[in-house]
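Written out below as C-alpha coordinates is the structure these notes cover.
The values are calculated or read from the model by the stated rules, or taken from the named source; none is laboratory data. The model shown is predicted, which means the values in this text are computed figures rather than measured ones. Note that we place each Cβ from the backbone using ideal geometry, even for glycine, and neighbour counts take in every protein chain shown. Protein only, heavy atoms only, side chains kept; ligands, DNA and RNA dropped before computing areas. Shrake-Rupley method; radii C 1.70, N 1.55, O 1.52, S 1.80 Å.
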There are 2 protein chains.
Amino acid sequence: MSEPEYQVRPIGWVESPLVDRDAAPKQGDEGSPDAWLVFHPDVGEGIRDLEAGTEILLLTWLDRARRDVLSVFPRGDPRNPVRGVFSTRSPDRPNPIGLHRVQIVAIDGPRVRVRDLEALDGTPIVDVKPVLEPLGER
Amino acid sequence: MSEPEYQVRPIGWVESPLVDRDAAPKQGDEGSPDAWLVFHPDVGEGIRDLEAGTEILLLTWLDRARRDVLSVFPRGDPRNPVRGVFSTRSPDRPNPIGLHRVQIVAIDGPRVRVRDLEALDGTPIVDVKPVLEPLGER
(Lines give C-alpha, C1' and ligand atoms only; values in the text may rest on other atoms or scores of the structure.)
Protein backbone atom coordinates (compact mmCIF):
# COMPACT_ATOMS: atom_id res chain seq x y z
CA MET A 1 0.00 0.00 0.00
CA SER A 2 1.38 3.39 -0.94
CA GLU A 3 -1.00 5.40 1.24
CA PRO A 4 0.44 7.31 4.16
CA GLU A 5 -0.11 6.07 7.69
CA TYR A 6 -1.65 8.21 10.40
CA GLN A 7 -0.73 8.32 14.07
CA VAL A 8 -3.46 7.74 16.64
CA ARG A 9 -2.56 9.35 19.96
CA PRO A 10 -4.62 8.06 22.91
CA ILE A 11 -6.54 10.70 24.85
CA GLY A 12 -7.02 8.44 27.87
CA TRP A 13 -7.64 4.85 28.82
CA VAL A 14 -10.25 2.49 30.24
CA GLU A 15 -10.23 1.26 33.85
CA SER A 16 -12.33 -1.88 34.04
CA PRO A 17 -12.57 -5.14 35.99
CA LEU A 18 -12.32 -6.92 32.60
CA VAL A 19 -8.81 -8.21 32.02
CA ASP A 20 -9.31 -11.44 30.06
CA ARG A 21 -10.33 -11.11 26.45
CA ASP A 22 -11.73 -14.62 26.21
CA ALA A 23 -13.95 -14.07 29.25
CA ALA A 24 -15.14 -10.58 28.28
CA PRO A 25 -18.65 -9.98 26.91
CA LYS A 26 -18.78 -9.47 23.15
CA GLN A 27 -20.95 -6.35 23.33
CA GLY A 28 -21.67 -3.75 25.98
CA ASP A 29 -25.26 -4.84 26.46
CA GLU A 30 -24.35 -8.48 26.98
CA GLY A 31 -23.47 -8.29 30.66
CA SER A 32 -20.57 -5.82 30.60
CA PRO A 33 -19.62 -4.04 33.81
CA ASP A 34 -19.37 -0.33 34.51
CA ALA A 35 -15.96 1.18 33.83
CA TRP A 36 -14.04 4.42 34.27
CA LEU A 37 -12.80 6.45 31.34
CA VAL A 38 -9.68 8.24 32.53
CA PHE A 39 -8.79 11.19 30.31
CA HIS A 40 -5.39 12.83 29.99
CA PRO A 41 -5.22 16.22 31.68
CA ASP A 42 -4.31 17.66 28.24
CA VAL A 43 -7.83 17.08 26.91
CA GLY A 44 -9.75 18.52 29.88
CA GLU A 45 -11.10 21.34 27.71
CA GLY A 46 -12.44 18.79 25.24
CA ILE A 47 -14.46 16.78 27.78
CA ARG A 48 -15.80 19.69 29.82
CA ASP A 49 -19.31 19.48 28.36
CA LEU A 50 -19.83 15.75 28.89
CA GLU A 51 -22.87 15.20 31.12
CA ALA A 52 -24.00 12.41 33.39
CA GLY A 53 -27.17 10.75 32.13
CA THR A 54 -26.30 11.17 28.46
CA GLU A 55 -25.15 8.57 25.96
CA ILE A 56 -21.91 8.88 24.06
CA LEU A 57 -20.07 7.01 21.34
CA LEU A 58 -16.70 5.92 22.68
CA LEU A 59 -13.94 5.02 20.21
CA THR A 60 -11.06 2.91 21.49
CA TRP A 61 -7.94 1.31 20.06
CA LEU A 62 -8.25 -2.43 20.72
CA ASP A 63 -4.58 -2.86 21.49
CA ARG A 64 -4.74 -6.62 22.09
CA ALA A 65 -6.31 -7.34 18.69
CA ARG A 66 -4.67 -9.01 15.69
CA ARG A 67 -4.39 -6.78 12.63
CA ASP A 68 -3.69 -9.47 10.02
CA VAL A 69 -7.17 -10.99 10.13
CA LEU A 70 -9.57 -10.48 7.19
CA SER A 71 -12.18 -13.17 7.87
CA VAL A 72 -13.47 -14.68 11.09
CA PHE A 73 -16.03 -16.98 12.65
CA PRO A 74 -18.63 -14.45 13.88
CA ARG A 75 -18.69 -14.23 17.66
CA GLY A 76 -15.64 -16.52 17.73
CA ASP A 77 -17.88 -19.55 17.25
CA PRO A 78 -16.57 -22.06 14.67
CA ARG A 79 -20.13 -23.27 14.09
CA ASN A 80 -20.85 -19.94 12.37
CA PRO A 81 -19.91 -19.60 8.68
CA VAL A 82 -16.72 -17.60 8.09
CA ARG A 83 -17.40 -13.97 7.22
CA GLY A 84 -15.34 -11.10 5.85
CA VAL A 85 -14.21 -9.14 8.89
CA PHE A 86 -15.87 -5.90 7.73
CA SER A 87 -19.24 -7.65 8.06
CA THR A 88 -18.51 -8.44 11.72
CA ARG A 89 -17.68 -6.64 14.95
CA SER A 90 -14.59 -8.77 15.55
CA PRO A 91 -11.87 -6.88 17.46
CA ASP A 92 -9.35 -8.54 15.12
CA ARG A 93 -9.26 -6.33 11.99
CA PRO A 94 -6.73 -4.19 10.08
CA ASN A 95 -7.42 -1.05 12.14
CA PRO A 96 -8.75 -2.32 15.49
CA ILE A 97 -10.94 0.63 16.43
CA GLY A 98 -13.62 -0.23 18.97
CA LEU A 99 -16.97 1.55 18.82
CA HIS A 100 -19.04 1.52 22.01
CA ARG A 101 -22.32 3.26 22.77
CA VAL A 102 -22.33 3.84 26.53
CA GLN A 103 -24.21 5.92 29.09
CA ILE A 104 -22.35 8.30 31.38
CA VAL A 105 -23.35 7.71 35.00
CA ALA A 106 -20.92 10.01 36.84
CA ILE A 107 -18.14 12.51 36.23
CA ASP A 108 -15.28 13.16 38.65
CA GLY A 109 -12.88 15.62 37.02
CA PRO A 110 -10.98 13.72 34.32
CA ARG A 111 -12.66 10.43 35.30
CA VAL A 112 -15.94 9.56 33.61
CA ARG A 113 -17.95 6.55 34.79
CA VAL A 114 -19.89 4.67 32.11
CA ARG A 115 -22.28 1.73 32.07
CA ASP A 116 -21.94 -1.52 30.17
CA LEU A 117 -18.52 -1.29 28.53
CA GLU A 118 -16.98 -4.47 27.11
CA ALA A 119 -13.50 -2.95 26.56
CA LEU A 120 -10.65 -4.49 28.56
CA ASP A 121 -8.78 -2.73 31.36
CA GLY A 122 -6.09 -0.46 29.94
CA THR A 123 -7.66 -0.09 26.49
CA PRO A 124 -6.63 3.27 24.97
CA ILE A 125 -9.39 5.81 24.30
CA VAL A 126 -9.05 7.62 20.98
CA ASP A 127 -12.26 9.66 20.59
CA VAL A 128 -15.65 10.49 22.10
CA LYS A 129 -18.62 11.68 20.03
CA PRO A 130 -22.18 12.62 20.94
CA VAL A 131 -24.99 10.37 19.79
CA LEU A 132 -26.65 12.41 17.03
CA GLU A 133 -30.19 13.59 17.52
CA PRO A 134 -32.55 12.79 14.64
CA LEU A 135 -32.48 15.20 11.71
CA GLY A 136 -34.51 18.26 12.59
CA GLU A 137 -33.53 18.24 16.26
CA ARG A 138 -29.87 19.22 15.87
CA MET B 1 1.81 11.97 27.07
CA SER B 2 3.73 8.78 27.73
CA GLU B 3 1.25 6.48 25.95
CA PRO B 4 2.35 4.76 22.79
CA GLU B 5 1.01 5.87 19.43
CA TYR B 6 -0.72 3.54 17.02
CA GLN B 7 -0.49 3.49 13.24
CA VAL B 8 -3.69 3.67 11.24
CA ARG B 9 -3.23 2.15 7.78
CA PRO B 10 -5.93 3.12 5.29
CA ILE B 11 -7.81 0.22 3.69
CA GLY B 12 -9.15 2.37 0.85
CA TRP B 13 -10.41 5.82 0.07
CA VAL B 14 -13.53 7.82 -0.82
CA GLU B 15 -14.33 8.98 -4.35
CA SER B 16 -16.83 11.82 -4.10
CA PRO B 17 -17.87 14.98 -5.93
CA LEU B 18 -17.24 16.82 -2.63
CA VAL B 19 -13.88 18.56 -2.67
CA ASP B 20 -14.43 21.73 -0.62
CA ARG B 21 -14.71 21.31 3.12
CA ASP B 22 -16.50 24.60 3.66
CA ALA B 23 -19.14 23.74 1.07
CA ALA B 24 -19.66 20.13 2.20
CA PRO B 25 -22.73 19.08 4.19
CA LYS B 26 -22.09 18.60 7.90
CA GLN B 27 -23.83 15.23 8.08
CA GLY B 28 -24.66 12.52 5.59
CA ASP B 29 -28.40 13.12 5.81
CA GLU B 30 -28.09 16.84 5.16
CA GLY B 31 -27.90 16.71 1.37
CA SER B 32 -24.75 14.67 0.86
CA PRO B 33 -24.16 12.99 -2.49
CA ASP B 34 -23.57 9.34 -3.28
CA ALA B 35 -19.92 8.30 -3.27
CA TRP B 36 -17.70 5.34 -4.09
CA LEU B 37 -15.69 3.52 -1.46
CA VAL B 38 -12.62 2.15 -3.24
CA PHE B 39 -10.96 -0.62 -1.26
CA HIS B 40 -7.37 -1.79 -1.58
CA PRO B 41 -7.06 -5.16 -3.32
CA ASP B 42 -5.35 -6.42 -0.14
CA VAL B 43 -8.61 -6.30 1.84
CA GLY B 44 -10.83 -8.01 -0.73
CA GLU B 45 -11.37 -10.96 1.60
CA GLY B 46 -12.56 -8.59 4.31
CA ILE B 47 -15.26 -6.89 2.20
CA ARG B 48 -16.55 -9.99 0.41
CA ASP B 49 -19.73 -10.22 2.50
CA LEU B 50 -20.82 -6.59 2.11
CA GLU B 51 -24.27 -6.49 0.49
CA ALA B 52 -26.17 -3.88 -1.50
CA GLY B 53 -29.23 -2.67 0.34
CA THR B 54 -27.66 -2.91 3.79
CA GLU B 55 -26.43 -0.15 6.06
CA ILE B 56 -22.86 0.00 7.33
CA LEU B 57 -20.83 2.13 9.69
CA LEU B 58 -17.94 3.65 7.77
CA LEU B 59 -14.92 4.92 9.69
CA THR B 60 -12.64 7.39 7.92
CA TRP B 61 -9.55 9.40 8.76
CA LEU B 62 -10.46 13.06 8.24
CA ASP B 63 -7.09 13.97 6.80
CA ARG B 64 -7.87 17.65 6.31
CA ALA B 65 -8.85 18.22 9.94
CA ARG B 66 -6.90 20.11 12.60
CA ARG B 67 -5.78 17.97 15.52
CA ASP B 68 -4.99 20.77 18.00
CA VAL B 69 -8.60 21.82 18.55
CA LEU B 70 -10.33 21.03 21.87
CA SER B 71 -13.35 23.34 21.72
CA VAL B 72 -15.40 24.63 18.82
CA PHE B 73 -18.48 26.54 17.78
CA PRO B 74 -20.90 23.69 17.03
CA ARG B 75 -21.62 23.40 13.31
CA GLY B 76 -18.97 26.07 12.73
CA ASP B 77 -21.47 28.79 13.64
CA PRO B 78 -20.07 31.48 15.97
CA ARG B 79 -23.60 32.21 17.21
CA ASN B 80 -23.51 28.83 19.00
CA PRO B 81 -21.88 28.66 22.44
CA VAL B 82 -18.40 27.14 22.41
CA ARG B 83 -18.42 23.44 23.34
CA GLY B 84 -15.78 20.91 24.25
CA VAL B 85 -14.98 19.07 21.05
CA PHE B 86 -15.96 15.65 22.45
CA SER B 87 -19.53 16.94 22.76
CA THR B 88 -19.59 17.77 19.05
CA ARG B 89 -19.15 16.05 15.69
CA SER B 90 -16.52 18.57 14.56
CA PRO B 91 -13.99 17.03 12.16
CA ASP B 92 -11.32 19.04 14.01
CA ARG B 93 -10.36 16.89 17.03
CA PRO B 94 -7.26 15.14 18.42
CA ASN B 95 -7.89 11.91 16.49
CA PRO B 96 -9.96 12.96 13.46
CA ILE B 97 -11.88 9.73 12.91
CA GLY B 98 -15.07 10.19 10.91
CA LEU B 99 -18.08 7.97 11.66
CA HIS B 100 -20.68 7.70 8.91
CA ARG B 101 -23.79 5.53 8.73
CA VAL B 102 -24.42 4.90 5.05
CA GLN B 103 -26.44 2.58 2.86
CA ILE B 104 -24.73 0.42 0.23
CA VAL B 105 -26.46 0.84 -3.13
CA ALA B 106 -24.13 -1.13 -5.42
CA ILE B 107 -20.97 -3.24 -5.36
CA ASP B 108 -18.55 -3.53 -8.27
CA GLY B 109 -15.59 -5.65 -7.13
CA PRO B 110 -13.49 -3.48 -4.82
CA ARG B 111 -15.74 -0.46 -5.43
CA VAL B 112 -18.74 -0.01 -3.15
CA ARG B 113 -21.32 2.69 -3.89
CA VAL B 114 -22.96 4.34 -0.88
CA ARG B 115 -25.68 6.94 -0.35
CA ASP B 116 -25.43 10.23 1.50
CA LEU B 117 -21.76 10.47 2.46
CA GLU B 118 -20.41 13.84 3.62
CA ALA B 119 -16.72 12.81 3.48
CA LEU B 120 -14.53 14.68 1.00
CA ASP B 121 -12.98 13.16 -2.12
CA GLY B 122 -9.80 11.27 -1.25
CA THR B 123 -10.65 10.75 2.42
CA PRO B 124 -8.92 7.57 3.68
CA ILE B 125 -11.14 4.70 4.83
CA VAL B 126 -9.96 2.99 8.00
CA ASP B 127 -12.73 0.55 8.94
CA VAL B 128 -16.20 -0.74 8.09
CA LYS B 129 -18.55 -2.29 10.64
CA PRO B 130 -22.06 -3.70 10.38
CA VAL B 131 -24.88 -1.85 12.08
CA LEU B 132 -25.72 -4.05 15.06
CA GLU B 133 -29.11 -5.70 15.22
CA PRO B 134 -30.94 -5.17 18.50
CA LEU B 135 -30.02 -7.52 21.35
CA GLY B 136 -31.78 -10.82 20.85
CA GLU B 137 -31.50 -10.70 17.05
CA ARG B 138 -27.74 -11.18 16.74
query = Would you pick out the residues in the range B:16-28 that are surrounded by 15 or more Cβ atoms within 10 Å (Cβ to Cβ) and within 14 Å of chain A (Cβ to nearest Cβ)?
reply = B:26, B:27, B:28
task = Count, please, the residues in the range A:66-89 that happen to be in a loop (DSSP other than H, G, I, E, B) and open to solvent by less than 20 Å² (accessible area, probe 1.4 Å).
result = 2
request  = Select from the range B:30-61 the residues that are surrounded by fewer than 16 Cβ atoms within 10 Å (Cβ to Cβ), within 10 Å of chain A (Cβ to nearest Cβ), part of a loop (DSSP other than H, G, I, E, B) and acidic (Asp, Glu) and list them in ascending order.
outcome  = B:30, B:51
task = Report whether or not residue B:95 is under 17 Å from the mean Cα position of the chain (by Cα) and either more than 27 Å from residue A:88 (Cα to Cα) or within 11 Å of chain A (Cβ to nearest Cβ) (or both).
result = yes
inquiry  = Against the condition part of a loop (DSSP other than H, G, I, E, B), at pLDDT below 95 and closer than 28 Å to residue A:68 by Cβ, how does residue B:133 come out, does it pass?
reply    = yes
remark   = Per the list (1) in a strand (DSSP E or B); (2) free of Cβ contacts under 8 Å to residues at least 60 places away in the same chain; (3) farther than 18 Å from residue B:30 by Cβ, residue check on residue B:128 breaks on (2)
